[in-house]
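First up is the structure itself, then whatever we jot down about it.
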Amino acid sequence: MSDICSKHKTENAILYLAGQVQRLSVSKATMLLYLADERAVRKTGAPILWLSYRADVNGPVMVEAFPAQLLLPPIKAFVDDEFSDCEINILQDIIDRYGRYTEKEFAEVLISEDTLWNRTEKTSGPLIDFTQLLDTDYKRAVFEMAYEFHSSGFLLHATL
């Protein structure tokens, strides 16, 4: 997927969160997106957004920041064309489970969860490696195929 398509999908996912989660901060949105990507890799073998996250002591941090104005009451409507039903279900499950927490409560809950962020040493802000979750040959194959499509821009051309 091209950077433009990937960026648009990320912004659209943030709009989805902003439309359903009260008091959505940058760090809370980042943690929700991280958990959605991790859940998608665990379930399907491929992340939803293909974002890179660093392991910080306060939670996962996106390598590339997103515009904070996306967190305001939705300035435009969420469009689900870029998302599969499975991806939307994962985003909704994450919102249903974690969306009600304040940022402080959410950080405390996240510390107790079995996530890659918890398993990654946080001394120098290393990248969180989702490939550690590929526990079957099927998931490894899905990840490799999805990565090739993501890297080649195939999905952008397929949707135009």
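Only the coordinates and a few stated rules stand behind these numbers; no lab work does. Only a predicted model underlies this, so the values are computations on that prediction, with no experimental measurement involved. Ideal geometry is used to build each Cβ from the backbone, glycine not excepted, and the neighbour counts take in all protein chains shown.
So, with +1 on the Cβ of K and R and -1 on the Cβ of D and E, and no other charges, what is the size of the charge dipole of the chain about its Cα centre, to the nearest 20 debye? Before the final figure, lay out the partial values.
Numbers: 16 positive and 24 negative charges, 72 e Å.
Computed about the Cα centre, the dipole is about 340 debye.
Pairs on different chains or at least eight residues apart, Cα atoms closer than 24 Å: how many lysine pairs in the range 21-139 fit? Walk me through the numbers on the way to the answer.
Values: Lys28/Lys43; Lys28/Lys76; Lys28/Lys104; Lys28/Lys122; Lys43/Lys139; Lys104/Lys122.
So the count of such lysine pairs works out to 6.
Which GluC sites (Glu not before Pro) from the range 76-130 combine a DSSP loop assignment with at most 15 other Cβ atoms within 10 Å? Please list the in-between numbers first.
Details: sites: Glu82, Glu87, Glu103, Glu105, Glu108, Glu113, Glu121; in loops: Glu113, Glu121.
Passing sites in the range 76-130 are Glu113, Glu121.
For the range 56-68, take each phi angle, set θ = phi - 60°, evaluate the Karplus expression 6.51 cos²θ - 1.76 cosθ + 1.60, and give the result in whole Hz per residue in order, putting x for glycine and proline.
9, 4, 8, x, x, 10, 5, 5, 9, 6, 10, x, 5
Quick one: compute the contact order of the range 3-159, relative version, from alpha carbon pairs under 8 angstrom and 6+ residues apart, as a percent.
Values: 159 pairs, mean separation 50.5, N = 157.
The value is 32 percent.
Which value, in debye to the nearest 20, describes the size of the charge dipole of the range 34-99 about its Cα centre when Lys and Arg Cβ atoms bear +1, Asp and Glu Cβ atoms bear -1, and nothing else is charged?
Working: 6 positive and 11 negative charges, 45 e Å.
For this selection, approximately 220 debye.
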